[in-house]
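Since the structure comes first, as structure tokens, the remarks are kept for the end.
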Amino acid sequence: MLTTYEIIRKKRDGGVLSENEIAEIVSGYTSGELPDYQMSAFLMSVFFKGMSDAEILALIHSMISSGVTVDLSDIPGSKADKHSTGGVGDKISLLLAPIAAACGIKVPMVSGRGLGHTGGTVDKLESIPGFRTALSTAEYKRILNDVGLVMSAQSDDIVPADRKMYALRDVTATIESIPLITSSIMSKKLAEGIDALVLDIKVGNGAFMKKVSDARLLARKMVKIGKLYGKKTAAYLTGMNQPLGHEVGNWNEVVESIDVLSGKSKVRDVTELTLKLTGEMLSLCTGESLSRSVSKAGKALASGAGYEKFLEMVRAQGGDVAFIQNPEKYPAARRVVDVSSLESGYVKAIDTRKIGMTAVRLGAGRMKAGEQIDPAAGIRVQMKIGDRVARGEVIAIARTNRDVVENEIIEEIRSAYVMSAKKTVQPPLIMERIAP
Ligand code: URA
């Protein structure tokens, strides 16, 4: 058997690792025997040299084996989940899970925290006062059975290897790797005990995959692995060349989601993507056509059934629904900075990663592993691609409790916008569906 040093060296030099070598690294890191610096070197070697399909499968297998696989067979009904590769303003899970549950399927969702410039569903949910995402397996199953959905963080039991690797990748610039994203997402999803899975593969300047060809490769790998494990799986390539919806942060994203769920506002891209992905989940579970399933999801949104399910889930997980019903009761951020346009014209492009990074700087995400986030911090992206803007008009609003230099924040957000004198068009939202 090679030593850890030799395994890292072999991958660094482009070698193909055996199942045992991969298992040695993953189990050593999970147990704490293998230090962060060796795991960082291993991850960086994978980042540069990639992995064969057999290596990716071995990595997924070792990661799943680092914890338990939840057995949901005693809970009646089809169980399905959705996972996104990460974006800016991506609040779709907050809407999709309750709508899908309102349509009769069970949604056991295990989500992540913010990663790099992208937000995480767990951080967003934890901005709801009292909301608990750390659940024991027994509680997770009880809530799923009673409410029809549960939204939790990874526990110590489910894929603990990914929990550690995910946090390490976040601070070692090793996120944007097809084998590492595939193994991170698929290990979690395969350990959840689901029957069907929908993957939202983000593409664009705010995604980890910048090119459609890379996103397609990632989607195909994940769909193939899902099938291999007997899960009905479909993936969508969706646009991330601008934030989804208008709000980027945590509590502000929860409020935008509630507004759509309760019918208070219609945010076009958020609504369209939510209904498509929810419809796909339903269709995979029931066998009904995609168009009928999307329309069923639309009815559950319009009737308020999805909103009622959201409230039920918040209550079951200890959240204070008074804040959901009256969001104005939430403590507002101390500083509100308006960002106005220096020119008139049409928004042509938005540097979405920059918006995400600025939100992190305002306190909505983490610069260091384990850092506390400020739930009230974030950015309202008032103007989006295709919008007409007058000189001096507000294009974005930044909110924070931090003592930031206002002019720096204004400059940063302004420089994320590219304007054009000519009319511009919205970039595509739903680009491709990939299924076995
Ligand atoms: N989401 C995950 O769970 N893992 C990744 O690596 C990227 C996005």
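The values are calculated or read from the model by the stated rules, or taken from the named source; none is laboratory data. Keep in mind the model is a prediction, meaning the values are calculated, not measured. Positions of Cβ are backbone-derived with ideal geometry, glycine not excepted, and every protein chain shown enters the neighbour counts. Heads up: the accessible areas ignore ligands, DNA and RNA and are worked out on the full protein's heavy atoms, side chains in. Shrake-Rupley method; radii C 1.70, N 1.55, O 1.52, S 1.80 Å.
What about Val418, is it crowded, with 17+ Cβ neighbours inside 10 Å and of a type outside the set (Lys, Arg)? Outline the logic, then answer.
Details: crowded, with 17+ Cβ neighbours inside 10 Å: no; of a type outside the set (Lys, Arg): yes.
Answer is no for this residue.
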Practice problem: Could you run through segment 412-435 and say how many residues are out of contact with any strand residue (DSSP E or B) (no Cβ under 7 Å at 6 or more places or on another chain) and assigned to a helix (DSSP H, G or I)? | Solution: 2
Self-check item: Evaluation of Lys231 against (1) within 18 Å of Met109 (Cβ to Cβ); (2) open to solvent by less than 10 Å² (accessible area, probe 1.4 Å) (one fails), failing number
Solution: (2)
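Does Lys211 meet the test of being surrounded by fewer than 24 Cβ atoms within 10 Å (Cβ to Cβ), under 15 Å from Ala435 (Cβ atoms) and either at pLDDT below 95 or of a type in the set (Lys, Arg) (or both)? Please lay out each step first, then the result.
Details: surrounded by fewer than 24 Cβ atoms within 10 Å (Cβ to Cβ): yes; under 15 Å from Ala435 (Cβ atoms): no; either at pLDDT below 95 or of a type in the set (Lys, Arg) (or both): yes.
No: the conditions fail for Lys211.
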Quiz item: Can you tell me how many residues in segment 156-166 are touching a residue at least 60 places away in the same chain (Cβ under 8 Å) and either in contact with a Cys (Cβ under 7 Å, 6 or more places away or on another chain) or within 26 Å of Leu95 (Cα to Cα) (or both)?
Solution: 3
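Yes or no, residue by residue, for (1) over 21 Å from Ser187 (Cα atoms); (2) open to solvent by less than 20 Å² (accessible area, probe 1.4 Å):
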| position | (1), (2) |
| --- | --- |
| Gly119 | no, no |
| Phe131 | yes, yes |
| Ala134 | no, no |
| Met151 | no, yes |
| Asp162 | no, yes |
| Arg169 | no, yes |
Quiz item: For residues in segment 59-71 being modelled with pLDDT of 95 or more and among the hydrophobic types (A, V, I, L, M, F, W, C), which is farthest from the ligand (Cβ to nearest atom)?
Solution: Ile64
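Is it fair to say Leu197 is more than 10 Å from the ligand (Cβ to nearest atom) and open to solvent by 10 Å² or more (accessible area, probe 1.4 Å)?
On the way: more than 10 Å from the ligand (Cβ to nearest atom): yes; open to solvent by 10 Å² or more (accessible area, probe 1.4 Å): no.
It is false that Leu197 is more than 10 Å from the ligand (Cβ to nearest atom) and open to solvent by 10 Å² or more (accessible area, probe 1.4 Å).
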Exercise. Could you name every one of the helices (runs of 4 or more DSSP H) located completely within segment 1-69 that has at least 3 residues being of a type in the set (Gly, Ala, Ser)?
Key: 19-31, 36-49, 53-65
Quiz item: Does Glu280 satisfy being in a helix (DSSP H, G or I) and surrounded by 22 or more Cβ atoms within 10 Å (Cβ to Cβ)?
Solution: yes
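How about segment 333-388: which of its residues are among the hydroxyl-bearing types (Ser, Thr, Tyr) and open to solvent by 20 Å² or more (accessible area, probe 1.4 Å)?
Initially, segment 333-388 is screened for residues among the hydroxyl-bearing types (Ser, Thr, Tyr), giving 340-341, 344, 346, 352, 358.
Once the filter is applied, which keeps residues that are among the hydroxyl-bearing types (Ser, Thr, Tyr) and open to solvent by 20 Å² or more (accessible area, probe 1.4 Å), segment 333-388 yields Ser340, Ser344, Tyr346.
Could you list all residues from segment 105-134 that are aliphatic (A, V, I, L, M), assigned to a loop (DSSP other than H, G, I, E, B) and out of contact with any helix residue (DSSP H, G or I) (no Cβ under 7 Å at 6 or more places or on another chain)?
So in segment 105-134, the residues aliphatic (A, V, I, L, M) come out as 105, 107, 109-110, 115, 122, 125, 128, 134.
Restricting the remaining residues to those that are assigned to a loop (DSSP other than H, G, I, E, B) gives 105, 128, 134.
Answer for segment 105-134, where residues must be aliphatic (A, V, I, L, M), assigned to a loop (DSSP other than H, G, I, E, B) and out of contact with any helix residue (DSSP H, G or I) (no Cβ under 7 Å at 6 or more places or on another chain): just Ala134.
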Quiz item: Among the residues of segment 172-193 satisfying the criterion of being within 14 Å of Gly112 (Cα to Cα) and assigned to a loop (DSSP other than H, G, I, E, B), which is nearest to the ligand (Cβ to nearest atom)?
Solution: Ile175
Quiz item: Among the residues of segment 72-111 satisfying the criterion of being touching a Gly at 6+ places or on another chain (Cβ under 8 Å) and among the basic types (Lys, Arg), which is farthest from the ligand (Cβ to nearest atom)?
Solution: Lys106
